[in-house]
Structure formats: C-alpha cells, structure tokens
1. How far apart are the residue A:85 label points across copies, placing each 7 Å from Cα toward Cβ, in nm, shortest first?
2. Determine Rg/Rh for region A:1-60; Rg is computed over alpha-carbon atoms and Rh is the Kirkwood hydrodynamic estimate from the same atoms.
3. Which residue in chain B puts its Cβ closest to the axis that rotates chain B onto chain A, and at what distance in whole Å?
4. What is the angle, in °, between the Cα long axis of helix B:273-287 and the longest principal axis of the Cα atoms in chain B? Nearest 10 is fine, range 0 to 90.
5. Taking chain B as a Gaussian network, where each spring joins two C-alpha atoms under 10 Å apart, which residue of B:51, B:68, B:147 fluctuates the most?
6. Sorting check: for A:218-227, B:73-82, which peptide has the highest mean count of neighbouring beta carbons within 10 Å, and how do the rest follow?
7. Which distances in nm, rounded to one decimal and ordered from shortest, link the label point of residue A:1 to the equivalent label points in the other identical copies, with labels set 7 Å from Cα toward Cβ?
8. When chain A is treated as a GNM, springs tying every alpha-carbon pair under 10 Å, which of A:299, A:143, A:264 comes out with the largest mean-square fluctuation?
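Laboratory data are not the source of any read-out in this text; all were calculated from the coordinates shown. No experiment lies behind these values; they were computed from the predicted model shown. Note that we place each Cβ from the backbone using ideal geometry, even for glycine, and neighbour counts take in every protein chain shown.
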C-alpha cells in the first residue's frame with residue numbers, strides 16, 4: 001500500500017498544502033490566502049474541509065495510507081497538542097488543535113510549530129540534509145528557530161523549547177515583544193531592521209536611504225532597506241552589517257551550546273544574505289569555541305516557501 | 001548476577017571513586033589527591049591500577065557484572081572517546097581515553113566530561129531527580145554545565161555541546177578564556193567574582209572587604225568574598241548581587257532555548273546561594289518567556305562532592 005504524507009503550513013498570510021511521498025517528493029501542492037476575517041475557529045473549520053478535499057483529489061483511486069502533518073505559528077504545548085497564545089490566531093489560545101484535527105479528519109495527525117517545521121524541512125530535503133545535530137533560524141517579521149538534537153526536534157518539557165529568537169544578546173538592548181531586552185529578535189528580524197534603520201537615519205541627521213521623504217520613512221519596510229543596500233546606501237549597508245554581528249553573537253551561543261554540524265538560516269530577511277553574512281561569520285570566528293566552530297557550517301536555506309510544508313509532512317512521517 | 005557500577009570522578013584536585021548499585025546506592029567510596037607531578041600519562045597509569053585495586057577489593061567474592069564510568073574535566077570528542085585540550089591535563093590533548101581504559105581494565109567503560117557527569121548525578125540521585133528535560137550548571141573556578149534533553153545528555157555532533165559557561169551575556173564584557181567576551185563564566189565563576197571584587201574595590205577608592213591590606217587584596221579568593229558577604233560587607237554583597245543578575249541572564253537563555261523542568265546549580269561558588277539567588281530569580285522572572293518561566297524550578301545541587309562520581313556511574317549504567 002502506498003503511503004502519502006499531507007504537509008500543511010498554516011502561515012499568517014498563506015496556507016500551503018502538499019502531498020508528499022515518504023521520500024520527500026512533492027506530488028501536488030496548493031496555496032491560498034489565510035482568511036482570518038471570521039476568526040480563528042472559522043479558519044480552522046475551513047482548513048479542515050480544504051484538507052479533506054485536497055486529500056480526496058490528490059489520492060483519488062489509489063489505495064493508500066495517509067497521514068497529516070500541520071505546522072502552525074506560535075508556541076504549542078506538545079504534550080497536550082494545545083495552542084498557546086498563537087500570534088496570528090489570538091482567539092485560539094488554549095485550542096486543542098491535535099484533538100480537533102484528528103476528530104474532524106479521522107487520519108493520524110502530527111502538529112508542530114512553524115519554526116520547527118521549517119527546521120525539519122531543511123533537514124529533510126534542504127540545506128541541512130544529512131545532519132543529525134543542527135539548528136534552524138527563520139528571519140522574518142520576528143526570529144524563530146528550531147533545534148535538532150540526535151535527529152529529533154528539541155521540544156523540552158512542554159514543547160516550548162528552541163526559542164532562538166529570544167536569546168539575550170545585549171542586556172541593555174531594546175525591549176522585545178517577549179518581555180525581555182536585547183533579544184536576537186530585536187536585531188535580526190524585519191522589525192529590528194526597520195527600527196535600526198530609523199535610529200540610524202535619526203542619528204545621521206536625515207541622510208541616507210535615498211529618495212525617501214519623512215512621511216515615507218515612517219512606513220519603511222525591511223524589504224526597502226534591503227533594496228537600498230543593493231543600491232549601495234550606506235545606512236542600509238551599516239544596518240545589515242550590525243544586524244549580522246548580532247546574528248553572529250546568537251550563532252556563538254548556538255555553536256557553544258549545541259555543537260551543531262550545521263546552522264541553516266532562512267526566512268524573508270535572509271534574502272539580504274550577502275549584506276549580513278560577512279559580519280555574522282566574522283563574529284562567529286572571533287568568539288565561538290574552537291572545537292565547535294571548526295565543525296559547524298552556516299548555510300542558507302534551500303527549500304524556500306516549501307520548507308514548512310515539507311517539515312510538516314516529515315513530522316507526519318515520523319509520527320509514532 | 002549482581003551488577004556494580006564503578007563511578008570515577010577525575011578532578012584537578014582530587015580523584016573520587018565509588019562502587020554504586022544500579023539503584024544508585026553508594027556501597028563504598030574512596031578519595032585521594034590527584035598527582036600530576038609526573039604528567040598526565042603517569043597519572044592515567046596510576047588511575048588504572050587504582051581502579052583495578054578498588055574493583056578487586058570492593059567486589060571480592062561476589063560474582064558480578066562490573067562497568068566503569070569516568071568523568072574527566074574538559075571537552076571530549078565523544079564519537080572517538082578522545083580528550084581535547086583538557087585544562088588540568090595539558091599533555092593529554094588527543095589522548096584516546098576510552099580505548100586506553102578499555103584495553104587496560106578489560107571492562108565495559110563509559111566516559112563523560114565532568115560537568116555532564118555532575119548534571120547526570122544530580123538528575124539521578126540529586127536535586128533534578130525525576131526530570132527528563134533539565135540543565136546543570138557548576139559554578140567553580142570556571143562555569144561548566146550539562147543539558148539533558150528527553151532523558152539524554154546533549155552531546156551535539158562531537159560531544160562538545162552544553163558549554164553553558166560560554167553563552168555571551170554582554171558583547172562588550174571582559175575577555176573570557178575561551179576567546180569570547182562577556183561569557184557567563186567571566187561573571188559567575190570564582191575567577192569572575194575575584195575580578196569583579198577587585199574592580200569594585202578600585203572603584204570605591206579602597207573601601208570595603210574589611211581588614212584587607214593592599215597586598216592581601218591582590219590574593220583575594222572568591223571564598224574570602226563569600227565570607228565578607230556573610231559579615232555584611234557591602235562590596236561583597238554587591239558583587240554577588242551582580243553575579244546573580246548575570247547568572248539570571250544565562251538562565252533566561254537556557255529557559256527559552258530548552259524549556260527545562262529544572263535547572264540545578266552546584267559547584268563551590270554555589271555555597272554563596274543566599275547572596276546571589278535573589279537577583280538571579282528576579283532577572284529570570286523579568287525576562288524569560290512566560291510559558292517556559294512558569295514551568296521551571298531553579299534548585300540547589302544536593303549530591304555535593306559525590307555528584308560527578310554518581311553521574312559517572314550513571315553513564316556506565318546507561319552504556320549501550
């Protein structure tokens with residue numbers, strides 16, 4: 001009997017689903033916008049019917065064993081399969097996601113948080129292929145991550161482990177959304193780049209980031225800072241350089257704590273790779289412990305938008 | 001047939017051995033000073049004959065299965081069982097410890113680094129009993145540690161993981177022996193306390209740490225700072241308070257990354273518990289992520305000098 005894995009990546013903007021073989025080949029995939037207008041519960045009901053349709057169409061006529069894997073944003077209590085304060089689905093705090101899906105779909109279902117799913121996807125089919133001990137970092141609006149130890153995601157006591165975005169890098173740094181100060185996230189996220197850019201423009205007396213009026217500046221995005229860097233804007237280049245140094249400090253911690261073979265970095269901010277990775281590796285080489293540092297490879301994610309979907313399918317494959 | 005575990009803790013000052021049952025009862029133990037005068041190789045040869053004698057005497061007349069577990073300072077390449085730049089045994093860099101012991105003693109032998117052995121000992125019979133996900137920290141001359149994930153020590157790719165003493169807490173902080181700057185070790189170790197005390201005395205214009213001449217001050221030890229704190233010396237109290245805050249930042253990282261049930265803190269500097277733990281838990285409560293913070297217990301080590309020996313015995317018990 002054929003086995004098919006259905007990987008589902010529930011993002012804040014888009015939902016992606018794929019039918020994936022146990023070898024990791026994507027047979028079919030779809031993507032549609034996440035509709036939160038009717039609230040989290042209605043979104044979940046819609047998701048269930050979409051998954052059912054997708055499974056029915058995708059496996060038509062083939063006698064098969066099907067498993068579902070779902071990646072969602074935000075912390076999950078992995079023992080109970082319950083969402084904890086999901087950032088994109090605020091009304092689903094305490095929602096028993098695993099139980100709900102298993103009941104509605106009647107198929108074996110694995111759940112995982114999106115950053116862990118990204119990490120597993122890159123380990124299965126992407127830039128961390130073959131590694132048993134590795135770390136994943138997603139540089140997006142925030143900074144997420146996952147840690148794989150001896151082939152398994154580090155969940156910790158309740159599934160809340162692996163928050164690499166909330167390592168303290170500068171105890172007197174800016175306030176972070178998590179309640180801490182100077183976390184990796186306040187430097188290496190899209191929001192962090194935006195903040196650092198506005199600070200740098202303020203400091204420079206308004207120079208830099210070409211052709212921007214004051215009004216435009218307030219709305220500046222990290223993508224625009226990236227474009228400015230590509231055009232050689234000095235402020236943008238300095239911001240990415242500084243961001244890279246802080247990311248390097250984060251990697252020092254990961255390298256010393258986890259002795260990973262690889263650290264894979266993805267997420268939309270990682271498009272600016274060439275503008276930050278130099279200072280990242282410089283800090284890593286200056287500061288990390290020798291044995292660990294000589295072992296580790298820092299690699300750019302390869303699966304693009306499919307990483308989360310692939311990782312979700314992988315959790316279904318490994319479901320016990 | 002009875003099973004006996006022989007736990008051996010090779011410290012820089014003392015070597016401790018115990019015969020331990022699979023339930024963790026210590027049947028017999030000895031301790032003698034580490035003699036490094038003839039170099040690391042002679043020390044190892046001496047250790048082998050001591051272990052043989054100890055096993056022969058300790059198990060006389062009992063038909064038994066015996067396994068040896070050894071904890072030694074410094075990084076070990078766990079795949080190959082080779083010492084890497086051991087701080088107390090500099091001439092044993094690259095020494096194939098596991099192979100050497102197995103050949104000389106002809107018994108199944110497990111090796112582990114001393115900080116991991118401490119952590120396992122406290123998890124087996126001490127303050128972290130019953131926890132499957134926990135961290136250990138030893139505050140000594142330096143700061144060591146171990147991480148247990150789902151019941152197993154986190155070794156990483158080569159056994160160099162778990163260096164909690166070398167998390168960066170302050171990127172502009174003092175140089176650390178590891179090559180980094182502002183690591184936990186420069187604040188929370190005996191050496192760190194000594195340095196912070198001398199800096200504080202300098203800053204205060206020589207006041208504080210009562211009854212100390214300038215000559216005495218240069219030789220001040222962290223034990224003397226602890227004694228001064230007990231007598232109410234303001235500088236000593238402030239140093240432990242500051243040290244506790246930095247330790248708290250380290251715990252924030254551990255809590256956010258590992259979602260541990262417990263963090264067990266031991267080592268000789270932890271005798272000053274009452275003088276630093278207040279600021280440690282304050283920082284932890286201010287800055288760690290809520291879900292993780294509400295779960296974790298910060299506990300003082302319970303096994304005293306036996307932790308490393310017990311943990312070494314435990315690694316023998318779990319030898320596959």
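1. 4.0
2. 1.01
3. Here the value is B:149, 3.
4. 80 degrees
5. Top of the fluctuation ranking is B:51.
6. Averaged packing, sorted descending, gives the order B:73-82, A:218-227.
7. With the label placed 7 Å along Cα→Cβ, residue A:1 yields 4.5 nm.
8. The residue that fluctuates most here is A:299.
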